[in-house]
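Single-structure report; data block below.
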Amino acid sequence: MWEFTSPRTIAFGEEALEYLGDIEGERVFIVCGKSVEKLGILKRVADVLKQAGLDVEVFNEVEPEPSIATVVNGSRKMASFGPDWIVAVGGGSSMDAAKAMWVLYERPDLAVEMINPFEKLGLRKKAKLICIPTTSGSGSEATWATVVTDAQLALKMELASRELVPDIVILDPRMPASMSPHLTAQSGLDVLAHAIETYVSDYRNDFSEALALRAIQLVFRYLPEVYKNGESIEARSKMHSAATMAGLAFGNAQLSISHSMGHSFGAVFKVPHGRSVGLFLPLSIEFSSPVVKHIYADIAASIGIQFSNEEEAVEKLVVAIKNMKTLLQEPNTVRDAGIDDEEYNSRLDDLVERAMLSAMTAMCPRRPTAAEYEKLFICAYNGDPVDF
């Protein structure tokens, strides 16, 4: 039996933000970061809510890769205000933080690290969750996962509960319109990694396959365009949809080792998430292809790649991804990402250990051993092909 989990409502398209004016309640707690406020997005969201007669409180202290301390602090302020709606505005960090704060608000008896798929949380007794992504990448608005960083251990905790799926998602293409080309590229690569890894997952299903494949097609069609012209509302809208579609897909079929390696690498070297997973996506394809090359061939065909056999399809798919990254001015190797080789080699054991602890390791179609992870990290540094 399969269980497909998704938000109750997804409002999308131009002017989708106005959907906020239809919600019924008394108090709204907005969770965001400083950049959302500086860009004027926070005011736009708050104004719609206030015009609808709702009392609004703002927590704008979410940092990139939100920490346990931030989550605890936000949950305390949330409890003091007593909202019946929580609105997360921003990228994956804001949405992940809001999810974890929500749990502590409803269940003050729990610690953040206790969030898991087997714990009955009993959410929605106090509040419901709305997510308004301002970047087109993380897919957190559509999933039951939240990633919170243990700053002391420099560890990204991959936490999840089906109860964390937001009630309402608002996809307004005006929200990501202020993204820089740099951030647009990295977020888009995150979408691509989500969609490709989901499509080959052992947990793939009819629904996840349809969403993932369409997301892949949209990324190849619109990411280069929106990178060149960030003011294109059509391209912004398509990439915004692709991010949520990929989120819906991986939220119901899981991810793989570009994420386990990316989480490990990003935590150790403080590299943004989209860049991190983008670095390891080609290697994850090469490593997994002996088991699922026929599925990668489906992906290649869907984006117009012509090939004579499945091995050629995999090779050309990897080349297409690397070519896109070059176009987006994103590094194809760890060396090109500016990481010193001596420091990198000195942290190999740490990188491998962190990757092995990731839940995504168990989801890979070809599950890597610690020794294979070490080889993969070494290959990633200079861009060597995976031939093992």
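What follows is calculated from the coordinates using simple rules that are stated; it is not laboratory data. Please read these numbers as outputs of a predicted model, since none were measured by experiment. Here Cβ is always computed from backbone atoms with ideal geometry, including for glycine, and neighbour counts include all displayed protein chains.
Just a few scattered comments:
- Phi angles of the range 31-38 translate, via the Karplus equation with coefficients 6.51, -1.76, 1.60 and θ = phi - 60°, into HN-Hα couplings of 10, 7, x, 4, 5, 4, 5, 4 Hz per residue; Gly and Pro are given as x.
- Ranked by how many other beta carbons lie within 10 Å on average, peptides 137-145, 272-280, 177-185 from highest: 137-145, 272-280, 177-185
- Around the Cα centre of the range 9-176, unit charges on the Cβ atoms of Lys, Arg, Asp and Glu (plus for the first two, minus for the last two) sum to a dipole of about 240 debye.
- Partners for residue 375 among lysines (Cα-Cα distance below 29 Å; same-chain residues under 8 apart left out): 156, 270, 293, 316, 322, 325
- Tilt relative to the chain, helix 257-269 - C-alpha long axis, 0 to 90 degrees, to 10: 70
- Residue-wise HN-Hα couplings along the range 228-242, as the Karplus relation 6.51 cos²θ - 1.76 cosθ + 1.60 with θ = phi - 60° gives them from phi, are 6, 9, x, 8, 6, 5, 4, 5, 4, 5, 5, 5, 5, 5, 4 Hz; Gly and Pro carry x.
- Net charge dipole, the chain: roughly 680 debye, given to the nearest 20, about the Cα centre with Cβ charges of +1 for Lys and Arg and -1 for Asp and Glu.
- Leading residue at positive end of dipole, the chain (Cβ point charges), from 112, 355, 272: 112
- Once the Cα atoms are used to define both axes, helix 370-382 deviates from the longest principal axis of the chain by about 90 degrees.
- When peptides 250-260, 370-380 are sorted by average Cβ neighbour count within 10 Å, with the highest value leading, the order is 250-260, 370-380.
- Straight-line cross-link partners of residue 128 among the lysines, defined as a Cα under 22 Å from its Cα and at least 8 positions apart when in the same chain: 43, 50, 77, 99, 120.
- Cut-off 12 Å between beta-carbons: net charge of the residues surrounding residue 173, Lys and Arg +1, Asp and Glu -1: -2
- Sparse-neighbourhood loop sites, GluC sites (Glu not before Pro) in the range 1-98 - DSSP loop, at most 13 other Cβ within 10 angstrom: 3, 14, 15, 24, 26
- Evaluating 6.51 cos²θ - 1.76 cosθ + 1.60 at θ = phi - 60° for every residue in the range 334-345, the Karplus couplings come out as 5, 4, 5, 7, x, 8, 5, 5, 5, 5, 4, 5 Hz, glycine and proline recorded as x.
- Value of [θ]222 nm, deg cm²/dmol, for the chain, DSSP H segments ≥ 4, -39500 (n - 2.57) each, nearest 500: -17000 deg cm²/dmol
- Whether the chain is rounded, prolate or oblate, judged on the alpha carbon gyration tensor where a/c under 1.5 counts as rounded: prolate
- Prolate/oblate/rounded label for the range 238-388 (Cα gyration tensor, a/c 1.5): rounded
- Scanning residues 5 or more positions from residue 128 or on other chains, those with amide H under 5 Å from its amide H are 85, 86, with H placed 1.01 Å from N in the peptide plane.
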